[in-house]
Structures are given as structure tokens and as C-alpha cells.
1. Run through every distinct alpha carbon pair of the stretch A:13-159 and return the Kirkwood hydrodynamic radius in angstroms, one decimal place.
2. I need to check one value: relative contact order of the stretch A:103-223, counting alpha carbon pairs closer than 8 Å and at least 6 residues apart, in percent.
3. Given a 1.4 Å probe and the protein chains all in place, what does the accessible area of B:Ser165 round to, in Å² to the nearest 10?
4. Using a Förster distance of 35 angstrom, determine the FRET efficiency expected from the C-beta separation of B:Arg212 and B:Gln33, and round it to 0.05.
5. Sum -39500 (n - 2.57) across every DSSP H segment of at least 4 residues in the protein assembly as shown, then divide by the residue count to get the 222 nm mean residue ellipticity, nearest 500.
6. May I ask you to evaluate 6.51 cos²θ - 1.76 cosθ + 1.60, the Karplus curve with θ = phi - 60°, for each residue of the stretch B:20-26 and list the ³J(HN,Hα) values in order in whole Hz, giving x for glycine and proline?
7. Would you tell me the mean number of C-beta atoms belonging to other protein chains that fall within 10 Å of each C-beta in B:117-130, as a whole number?
8. How do A:Thr96, B:Thr9 stack up against each other in accessible area, from largest to smallest, with a 1.4 angstrom probe?
Amino acid sequence: MNDKLSTLAACIEFGKINKAAPYPPQMKGQDGADEITKQLLDEGVAPGDILSDALIKGMEKVGEKFSKNQIFVPQMLMSAKAMQFAMNHLKPFFATGEADRRGTFVVGTVEGDLHDIGKNIVAMMVEGNGYEVIDLGVDVKAEQFVAEIEKNPNCFIGLSALLTTTMANMEKIVSEIKGKYPEQNICIGGAPVTQDFCDKIGADSYNPDPQGVVKFLNSVAVAS
Amino acid sequence: MSVKKYQLTIDELAIDRKSIARLLGFETEQLEQPYLDMVEQELQLAKSYVRIEGGVVQSEQKLVVDVKQGIVAVNGVSFNVGRQVAGYLKKSEQAILFVCTAGKDISDRSKELMNKGDLVEGFIVDILGSVIVEAGMDAIHEQLKQEFQTTGLAVTNRYSPGYCSWDVAEQHKLFSLMPDNFCDITLTESSLMEPVKSVSGIIGIGEHVRFRKYACEECNSKNCIYRNKK
């Protein structure tokens with residue numbers, strides 16, 4: 001594999017954003033995700049290869065390390081930021097169809113709930129793993145999710161809730177979506193959410209961490 | 001009911017760096033670089049825009065506690081707090097209802113940072129909001145402890161809807177016992193406080209109550225954000 005692709009994967013894994021970024025100390029003064037992505041494109045490396053052979057590989061390592069408690073949320077966010085700098089160079093190619101994403105993930109915090117940090121972290125990890133993310137924000141009603149499904153028929157849905165009171169709205173949203181689109185994949189998460197609750201309301205996947213969401217999406221994206 | 005309000009600045013509070021580190025996810029409770037610098041920088045900035053406001057309402061009537069049913073009644077309003085909290089409040093003679101907020105600006109700052117792609121800083125500011133409002137309420141709690149001590153009374157820990165099996169939906173009943181828009185905090189239909197970085201709850205007062213230093217260790221909640229507090 002191109003050495004630069006490996007270096008770019010390492011930039012994502014360790015959160016090296018650009019040359020000016022002093023973090024991580026062992027990569028100080030070196031080019032970061034920003035510069036290396038541009039160099040790879042200038043050298044003619046296909047945008048899809050940069051995504052799959054460097055960026056996603058780096059983010060997969062981040063997810064694995066997070067699952068094993070080897071890194072924590074701030075380090076994961078630093079990687080997500082490095083990923084964003086790299087993705088800024090790739091976005092024009094997604095628009096022209098020269099590079100493909102794995103799928104589209106529509107995410108939102110359910111009606112009545114205004115908490116967004118957990119949802120944002122999941123959105124960043126999912127985007128970093130090669131998906132287009134449509135973030136509907138907070139206090140999102142069932143009809144807003146339904147409207148997005150109509151616009152993006154093959155999308156995956158993610159619902160977040162932090163309050164026990166808004167878990168009831170999560171149930172309502174799942175029911176309304178499944179009523180219209182029984183095959184629609186919906187994953188749910190948030191501090192009070194459990195696997196039992198997921199089973200009870202008929203959602204397809206509950207995950208306590210962002211990496212679980214990515215694994216679920218990868219499994220259904222391959223199947224679909 | 002007697003009402004008292006408090007205004008505090010961050011400089012008056014003991015901001016525990018270990019709590020920040022823990023809530024950021026660092027199991028060692030030690031902040032590493034560059035996160036330590038980011039925390040200190042945002043904390044310094046927060047001093048210029050965060051004003052902490054708190055308020056307490058002391059009940060007139062004797063607190064009625066039914067441990068078996070897990071119910072406490074404050075001025076005739078009944079709360080289903082669960083057996084655990086009812087047990088902790090059982091020797092209380094009166095109740096203090098409280099709110100405290102770090103205000104809206106800190107959440108706005110977090111969102112602003114997130115929106116411009118400063119993800120780590122945005123997350124740090126969100127955690128700072130949680131730590132600041134708890135530290136503000138710690139300071140008010142301590143003041144109450146000292147005030148009641150002079151009259152021979154002690155105070156319990158503070159208990160909040162949404163924690164220790166107390167349904168968050170009972171926020172509405174709790175707020176019904178406090179002045180409207182107390183400390184500019186409002187409640188959504190789903191019982192969420194706005195500003196989001198706010199706390200509310202109940203404290204027991206009595207001659208024979210005690211403050212439990214290790215209350216969290218006795219709790220079996222699986223989803224409380226303070227669960228790992230040491």
C-alpha cells in the first residue's frame with residue numbers, strides 16, 4: 001500500500017489534523033490529515049481509495065481502541081476532526097460520483113429532548129467510517145424522519161434520547177416509521193436506553209457506544 | 001414557604017479537575033495534554049460569561065415520608081421518589097426544594113464550537129457546564145448546611161428527579177412548589193430544564209438526618225452520569 005495512505009491512516013488514528021497542530025506530540029511538525037489527503041489527490045490516488053484504504057482504516061482503529069477503553073471521547077473527537085479536514089478535500093468527489101459512501105445515516109435527538117452531545121459523537125464516528133450523515137438536530141419529530149426517508153429511500157435511521165420521558169417519544173417515532181416503512185433499519189441509543197427497550201419498541205439495534213452503531217450499519221449496508 | 005436566591009461566580013466555586021477528567025472519559029481522572037490546556041482555557045473564558053444562579057424554597061409543613069411506599073409529601077404534594085430516596089429522607093422534618101443553573105450561554109458556547117468544527121473544545125465546554133452547575137449547587141448546599149447547623153439541624157444529600165429511581169416526570173410537581181420561572185429556569189413538557197445546564201431536587205432537614213458521603217456507592221443505577229464518582 002502507498003506509504004502516504006498508511007501515514008494518513010495514522011494521522012486519523014492519532015488525531016493529527018494538520019502540520020500546524022501540535023498534537024499528538026510524536027507527530028509534531030509533520031504533515032497532517034489535511035496536507036496528506038491533498039497530496040494523495042494531487043498524485044492521482046483515487047478518492048475512493050483514500051477513503052477506504054486510509055480514512056476508514058484509521059477510524060476503525062479509533063473505534064476499536066475506544067471500545068477497549070484505550071482512548072476516550074476527547075481523543076476520538078480529535079480523530080474525528082482530523083477526519084473532517086481530510087473529508088473536506090474528498091467532498092467534491094462524492095458530489096460528482098467519483099467516490100462512493102457506504103450509505104446515508106439520518107440521525108436526530110427525539111422530540112422533546114434537547115441533548116445533542118452523544119448524538120453528535122455518534123454522527124462524527126459514523127461519518128468518519130464512510131457514511132453520509134444527515135443530522136436533523138434535536139427535538140426531531142417522527143414526520144421529519146419520515147420526510148428524510150422519502151428523500152433517501154436507502155438510508156439508515158439513528159434515534160437518540162437522554163431522558164426517560166423522551167424514551168416514550170422514541171417508541172412513538174419507531175412505531176410511526178415502521179408503520180410506513182416496515183423494513184426501515186432503525187438504531188437507537190442514549191443513556192437510559194437498553195436492549196430490552198429496543199426489543200420492546202421494535203427498533204433494529206441498540207448500541208451503548210458509537211463503534212456499535214458503525215458495526216451495525218456496516219452489517220446492514222453490506223446486506224442491502 | 002420561605003424563598004432564598006443565590007448568585008455565584010466561577011471564582012467562588014471549587015471546580016474539581018478530577019470530575020472534569022472523569023466526565024470527559026479519562027478513567028485515570030487525570031487530564032492529559034492538550035486537553036488540560038483546552039479545559040483551563042475554556043474555564044478561564046467561562047469566567048467572563050457564566051453567572052451561576054440558584055434558589056431554594058423551604059417547606060412550611062412537616063415532610064411526610066412513607067418509606068414502604070417510596071413516597072414523600074411536601075406541603076401536600078406527593079412525590080413517588082422510590083424506597084431508596086424515601087429511606088434517605090425518612091428522618092427529615094422539613095424539605096428544601098432547590099434549583100441551580102449555569103445559564104444558557106455555556107450551552108450556546110458549546111454548540112458554537114461544535115458547529116465550527118472544534119469538536120473537542122465543544123465537548124469540553126459541555127462537560128464544564130455540568131461540572132460548574134454541580135459545583136454551584138455544592139456551594140449552596142454547603143451554605144445551607146452551615147446555616148442549619150447553627151440551629152442544631154443537619155441536612156441530607158440532595159436528590160433529583162431522574163436519579164435513584166425517581167421518575168424525571170415528577171419535575172413538574174417539584175416546579176409547582178417553586179415560584180414561576182424560578183432563577184429563569186423553565187421546564188419543557190418532557191421535564192427537561194432550560195437552560196439545560198441546570199439541576200433541581202430536594203434536600204431533607206432535621207435533627208437526626210445525616211449526609212451520606214458514599215451515597216453513589218449504595219446506588220444500583222446503571223445509567224447515571226455520576227455513577228463512577230469516587
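The values are calculated or read from the model by the stated rules, or taken from the named source; none is laboratory data. The model shown is predicted, which means the values in this text are computed figures rather than measured ones. Positions of Cβ are backbone-derived with ideal geometry, glycine not excepted, and every protein chain shown enters the neighbour counts. What goes into the accessible areas is simple: the full protein's heavy atoms, side chains included, and nothing from ligands, DNA or RNA. Shrake-Rupley method; radii C 1.70, N 1.55, O 1.52, S 1.80 Å.
1. 16.2 Å
2. Relative contact order comes out at 28 percent.
3. Roll a 1.4 Å probe over it and B:Ser165 shows about 100 Å².
4. Between B:Arg212 and B:Gln33 the formula returns 0.45.
5. Estimated from H runs of four or more residues: -14000 deg cm²/dmol.
6. Couplings: 4, 4, 5, 5, 6, x, 6 Hz.
7. Going residue by residue through B:117-130 and averaging, the value is 4.
8. These residues rank, largest area first, as A:Thr96, B:Thr9.
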